[in-house]
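Structure first, then comments.
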Amino acid sequence: MTAEPLSLATALASFDTLWSPRVATRVNDYDVRVAKVRGEHVWHAHDDTDEFFLVLDGELRIALREPAGERTVRLPRGSVFTVPRGTEHRPSSPEGASILMFEPTGTSTVGDRHDEVPSHVDATTGHALAL
Ligand code: NI
């Protein structure tokens, strides 16, 4: 977090690692994180918190396992979506996307329960930006 305004374009240009969020700023005890994504994340669930997504560029898809069955929501650039706490979900982006997430500080990218984490997914609570 910095006392100066932060350009999200500058923040996103500062790293290339996929599925590895950077903390852009904090709001009370929440992180505002940005990430570059492509391909599939891993099925996981956050038992104690909702997870907010804003698509900055590209298109994000989020597969959801809900009581009524499985469905996938598509979020084109400019879309927001909140995954409810406890809902198993798997983000993906065949073409690649840049996203912003808003969630409590300390929230793991792979949740409290998850399938086996593939090597291309960073299990992290978010990294500091190195600008
Ligand atoms: Ni999640």
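What follows draws every value from the coordinates through simple rules; no lab data is involved. Remember, predicted model here, so these are calculated numbers, not experimental data. Glycine also receives a Cβ, built like all others from the backbone with ideal geometry; neighbour counts cover every protein chain displayed.
Taking the criterion of being assigned to a strand (DSSP E or B) and closer than 19 Å to SER7 by Cα, the residues of segment 18-29 that qualify are ARG22, VAL23, ALA24, THR25, ARG26, VAL27.
Within segment 64-79, the residues that satisfy the criterion of being within 29 Å of THR10 (Cβ to Cβ), away from the ligand (no atom under 15 Å from the Cβ) and of a type outside the set (Lys, Arg) are PRO76, GLY78, SER79.
Can you name the residue in segment 16-29 that is touching a residue at least 40 places away in the same chain (Cβ under 8 Å) and hydroxyl-bearing (Ser, Thr, Tyr) and, of all such residues, is nearest to the ligand (Cβ to nearest atom)? The qualifying residue nearest to the ligand (Cβ to nearest atom) is SER20. For segment 41-63, filtering for residues that are away from the ligand (no atom under 11 Å from the Cβ) and free of Cβ contacts under 8 Å to residues at least 60 places away in the same chain leaves 9.
Taken together, the criteria place VAL32 among residues that are surrounded by 14 or more Cβ atoms within 10 Å (Cβ to Cβ), of a type in the set (A, V, I, L, M) and touching a residue at least 12 places away in the same chain (Cβ under 8 Å). Being under 22 Å from LEU131 (Cα atoms) and exposed (fewer than 14 other Cβ atoms within 10 Å of the Cβ) is the requirement here; does ALA13 meet it? For ALA13, the condition - under 22 Å from LEU131 (Cα atoms) and exposed (fewer than 14 other Cβ atoms within 10 Å of the Cβ) - is met.
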